[in-house]
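In what follows, a single structure is set out as structure tokens and then discussed.
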Amino acid sequence: MLFIGLLILKWLFIIILAIVILTSLFLKFAPTFGGKPSADTIDRITNSPNFNGKTFVNLPSSKPFALQTVSNITPYTEGTQTHTTQSGNFLWQFLFPPKGKNPSHPIDTLPLNLKQKISNNVEHHPYDNTLKDGEFVWLGHSTVLFRISGKLLMTDPVFHSASPVPFFVKPFKMTNPPKAEDLPFVDAVLISHDHYDHLDHKAVKKLTHKVGHFYVPLGVKSHLIRWGVLETNISEYDWYECTTIAGNPSFENDGDINITFAPTKHFSGRRLTGQNTSLWGSWAVQSKQLSVYFSGDGGYSEEFAKIGERFGGFDVAFIEDGAYNQNWRNVHMMPEESAQAGIDVKAKVVLPIHWGKFDLSVHHWREPVRRLKSAFDTYNSKLLPCQRIRVTTPRIGEVFTLDNLPSAPWWEQES
Ligand SMILES: [Zn+2]
């Protein structure tokens, strides 16, 4: 009996030791954690006005948080259960999630038909029959593909999982899941920050030879280099740094495109240690005919109004709406705050993003879009029709233009 007990103890010890060693090796060597910044990047980081000597820091807030326009919104309720997450019951809801937190069936999505005809010349794309100028397609969460002044741009391409471990935090099941393999050549990829649901190392590896240039926050370049992207194809940005790229000469284009990295109230990091050593933010993209704002991630702040003033508003804003709860309010907006952010940046059209793909908090999967739409209904009801902000809610994979905005509540048909 004693012998059997010792034998079990021995094997338990061996198994625990093996788990500890394998976990340590994974944490030390797995490529998904990214690379270490070069001396040049470290120099830029240490000289950044947004770096305090140890980490990047959010901009100071000069006034207390208050929603000026969207207020008194009744939280969405389904049946008798309120899905609004209060700080006290977060752990309870995390352990015992509400019904409907994930879709029970595959979400009905549209197939991507964006395959490019073969072109040997990657500088010019004379056979590019993918999106037309001014066309957009949301690929779920924060991934949006659009063409501006002839150039094809994409925000935060994420297709695999939203965690360092491939089988955790997988995308919801979809009838036609968007795949990195189905994408055409993309001229520019804009990355908001290095969290796993925004920077997918497998997607970057698959897209390396299909992307003209990566625009990333300061401190993120080393990750992409470790995953095989040429250093010359990556540019790093501090807040309010900008660049200008030429329109695509193969298209009828409206000239240069200005791309500016702008602040958000968030954080960064791909490991438990070394957080906030790379920057986070949002992007403003402007041509003569079209202006686009991509919010990235962040809590509500007065910076949205400053961004609205500085850039003179936007034709369309992709606004974070999802993965929130009261405990995370400093780093993720509640849906009513997302609506306020859209108003503050002076968007004519708001596309809610950061929902519909991953289960990252404790709310019902449909709650973000329902609450945001409800907030805008309240806001718009006080305005003349021509003053109203339009909310577009395309299906994942549905191509649209700003003159032809999908607004059907398709998520109501999903279970
Ligand atoms: Zn994030």
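Nothing in this text is a laboratory measurement; each read-out follows from the coordinates by a stated rule. The structure displayed is predicted, hence computed values, not measured ones. As a convention, Cβ positions derive from the backbone with ideal geometry for all residues, glycine included, and neighbour counts pool all protein chains shown.
Remarks
- The calculated Kirkwood hydrodynamic radius for the range 216-266 is 12.8 Å, given to one decimal from all distinct C-alpha pairs.
- Excluding same-chain neighbours fewer than eight residues apart, the lysines reachable from K306 by a Cα-Cα span under 29 Å are K54, K63, K151, K221, K265, K288, K346, K348, K373, K382.
- The range 136-199 versus the range 245-259: alpha-carbon centroid distance in Å: 23 Å
- P(r) tail fraction, the range 313-403 - alpha-carbon pairs more than 24 Å apart, %: 18 percent
- Hits among lysines - C-alpha to C-alpha of K170 under 16 Å, sequence gap 8 or more where chains match: K101, K179, K202, K357
- Just checking the listed ones, N248, N102, N404: in the Gaussian network model of the chain with Cα springs under 10 Å, the one fluctuating most is N404.
- Charge tally around A203: other residues with Cβ under 15 Å, Lys/Arg +1 each, Asp/Glu -1 each, net +3.
- Normalising the Debye intensity of the range 323-376 to I(0), with uniform scatterers on Cα atoms only, and taking log10 at q = 0.31 Å⁻¹ returns -1.38.
- Per-residue ellipticity at 222 nm from helix content only, as computed over the chain with -39500 (n - 2.57) for each DSSP H run of at least four residues, stands at -6500 deg cm²/dmol.
- At the listed q of 0.15, 0.18, 0.26 Å⁻¹, the Debye profile of the range 125-175, built from one uniform point per Cα, gives log10 I(q)/I(0) equal to -0.53, -0.68, -0.97.
- Ranking P406, Y379, V345 by how far each Cα lies toward the positive end of the dipole of the range 328-411 (charges on Cβ) leaves Y379 at the top.
- 3J(HN,Hα) from dihedral phi, the range 11-23, Karplus parametrisation 6.51/-1.76/1.60, rounded to Hz, x for glycine, proline: 5, 4, 4, 5, 5, 5, 4, 4, 4, 5, 5, 5, 5
- Compactness index (Cα Rg / 2.2 N^0.38 Å), the range 249-361: 1.13
- Against the rule of thumb 2.2 N^0.38 Å, how large the Cα Rg of the range 199-304 comes out: 1.16
- Protection proxy ranking of 39-46, 136-143, 222-229 - average other beta-carbon atoms within 10 Å, highest first: 136-143, 222-229, 39-46
- Rg [Å, one decimal], Dmax [Å, integer] - the range 1-46, C-alpha atoms: 20.4, 65
- Computed from the Kirkwood radius of its Cα pairs, the Stokes-Einstein diffusion coefficient for the chain at 10 °C and 1.306 mPa s stands at 71 µm²/s.
- In the chain, excluding the sites themselves, the longest stretch lacking any of the GluC sites (Glu not before Pro) that are in a DSSP loop with at most 11 other Cβ atoms within 10 Å is 253-415.
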